[in-house]
2 protein chains.
Amino acid sequence: MAKTSLSTGSFLSSPKLDVVIDTGNPFLNLTVDGFLKIGSVAVAKVAVEETYHCLSKGSISQKNFEHTLKKMCKEGVYWGSVAGLYVGMEYGMERIRGTRDWKNAMLGGALTGALVSAASSSNRDKIVTDAIAGGAIATGALFLNYLT
Amino acid sequence: MAKTSLSTGSFLSSPKLDVVIDTGNPFLNLTVDGFLKIGSVAVAKVAVEETYHCLSKGSISQKNFEHTLKKMCKEGVYWGSVAGLYVGMEYGMERIRGTRDWKNAMLGGALTGALVSAASSSNRDKIVTDAIAGGAIATGALFLNYLT
């Protein structure tokens, strides 16, 4: 918890999504990093989405604005939590397995999928299906990014 | 189309998802690569999913097997097409913009989301929302993979 530096680029000129918080623990660092980065992405997504809705409706009211703020917070925290969990899991896999490859992403995605699913429902079949989907999505995302 | 080499690791021992096809054109290469890699991930996902269903039901019938094969083909082609489209878009962005950063992923994801959505529905609002979600997901996946 020694040094804490926080810097976010302005969204209006050239967005430079760059958030750094040093907690002194690599595991926690990664999780916080994942939470903040993906949380920012989700907040930006909601902002763009709601702006489009306002433009297509042609009206901006106080109520809409409050709704947008609430949705930003909710989606930001949700995406951030899932991302933090996934990054933490992947880092844990790396420490346990000693290597870095796509199997970490798969297992991390599967565990994250299972945990997120277990937190919102108690159907055993759904948890397993979500775990499988999570693993597949994490593996797919990894492959896509290392393709080019 | 000079040389064509295809090699896939066995899924039973240590899976080594490694598919290479050289078409002689970098744009096409990437798209085919994305299609095959992400298609394989989707096929593996369906295989695991259906195996779980068989195990939890305790029965394997001819009909189930046919259903699984069909689902594998369908999901494999769907995931593969989306991935190929996205990789192609991202590569196109890189060529047009001249640089590689997260904005390529965002624009590529947004275009892919819009195209996939436009192919399956004609609701203008849904296409825009899907484009925004696609861009956000692609950006998020990129950040997550370059975090560690």
Dipole moment magnitude, nearest 20 debye, the range B:41-148 about Cα centre, only Lys, Arg, Asp, Glu C-beta charged: 120 debye
Globularity ratio of the range A:80-148, using Cα Rg and 2.2 N^0.38 Å: 1.09
Rounded Å value of the spacing that divides the Cα centres of the range A:60-119 and the range B:101-148: 18 Å
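Which pairs, out of A:45/B:37; A:37/A:57; A:74/B:37; A:70/B:126; B:70/B:103; A:126/B:70, put more than 26 Å between their alpha-carbon atoms? Intermediate values should be presented prior to the final figure.
Working: A:45/B:37 28 Å; A:37/A:57 30 Å; A:74/B:37 34 Å; A:70/B:126 21 Å; B:70/B:103 37 Å; A:126/B:70 21 Å.
Beyond 26 Å between Cα atoms: A:45/B:37; A:37/A:57; A:74/B:37; B:70/B:103.
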Carbon/sulfur fraction of accessible area - the range A:17-146, other protein chains in place, 1.4 Å, %: 67 percent
Distances in nm from residue A:22 to the matching label points in the other copies, shortest first (labels 7 Å along Cα to Cβ): 4.6
Distances in nm from residue A:146 to the matching label points in the other copies, shortest first (labels 7 Å along Cα to Cβ): 1.6
Interface size B-A, as summed buried accessible area [1.4 Å probe, Å², nearest 100]: 3700 Å²
At 7 Å out from Cα toward Cβ: residue B:52 inter-copy label distances (nm, ascending): 3.1
Under 11 Å, Cβ to Cβ, from residue B:75 - net charge with Lys/Arg +1 and Asp/Glu -1: +2
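The values are calculated or read from the model by the stated rules, or taken from the named source; none is laboratory data. Computed from a predicted model, the values in this text were never measured in an experiment. Glycine gets a Cβ as well: all are built from the backbone with ideal geometry, and neighbour counts include every protein chain shown. Just so you know, the surface numbers come from the protein's heavy atoms only, side chains and all, with ligands and any DNA or RNA stripped out. Shrake-Rupley method; radii C 1.70, N 1.55, O 1.52, S 1.80 Å.
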